[in-house]
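The values are calculated or read from the model by the stated rules, or taken from the named source; none is laboratory data. Everything numeric in this text was worked out from a predicted model, so none of it was measured. For neighbour counting, all protein chains shown are included, and Cβ atoms are generated from backbone atoms with ideal geometry for every residue, glycine included. Side chains included, ligands, DNA and RNA excluded: accessible areas come from the protein's heavy atoms. Shrake-Rupley method; radii C 1.70, N 1.55, O 1.52, S 1.80 Å.
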Amino acid sequence: LLDVRFTLKTDDGVYIYCEYGGRIDLTAGRAISTPLFQCGDEKHDWLNRSQFIGDGSIDPETNLLTYELYEVRPT
């Protein structure tokens, strides 16, 4: 199980908090996550209202986990 929390700083100096849970399968080299972002800056406010799904893959040689993030929007 994944339980991750961290803070990002954008190129323009804005801080964005991220937390996510999910599942990881080391034998398959895959991870699925559901990140939520929180930001107090108005231009990044759309992150506060969005839900994302992360599809991750693990490089077995470097153990580097790389995610592709997808925004899920209600219709």
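Could you tell me which of Ser33, Thr62, His44 has its Cα farthest along the dipole of the chain towards the positive end, charges placed at Cβ (Lys, Arg +1; Asp, Glu -1), taken about the Cα centre?
Among Ser33, Thr62, His44, the one farthest towards the positive end of the dipole of the chain is Ser33.
Which number comes out as Rg/Rh for the chain once both Rg and the Kirkwood Rh are worked out on C-alpha atoms?
1.02
Would you mind calculating the gained length between Thr10 and Asp25 on full extension (0.36 nm times residue separation, minus the Cα-Cα distance), in nm to one decimal?
2.4 nm
What residue among Gly22, Gly54, Gly13 has the largest mean-square fluctuation in a Gaussian network model of the chain, using Cα springs under 10 Å?
Gly13
Computing the accessible area with a 1.4 Å probe over protein heavy atoms, can you report the carbon and sulfur percentage for the chain?
Reported share for carbon and sulfur atoms: 53 percent.
Once you order the gyration tensor axes a ≥ b ≥ c over the Cα atoms, which shape class does segment 34-75 get: rounded for a/c under 1.5, otherwise prolate or oblate by comparing a/b with b/c?
oblate
Per residue, what accessible area does the chain have, given a 1.4 Å probe and all protein chains present, in Å²?
For the chain, the solvent-accessible area averages 75 Å² per residue.
Trp46 versus Leu1, label points 7 Å from Cα toward the beta carbon: distance in nm?
3.4
Ignoring ligands and nucleic acids, what accessible area does Thr66 show with a 1.4 Å probe (Å², nearest 10)?
70
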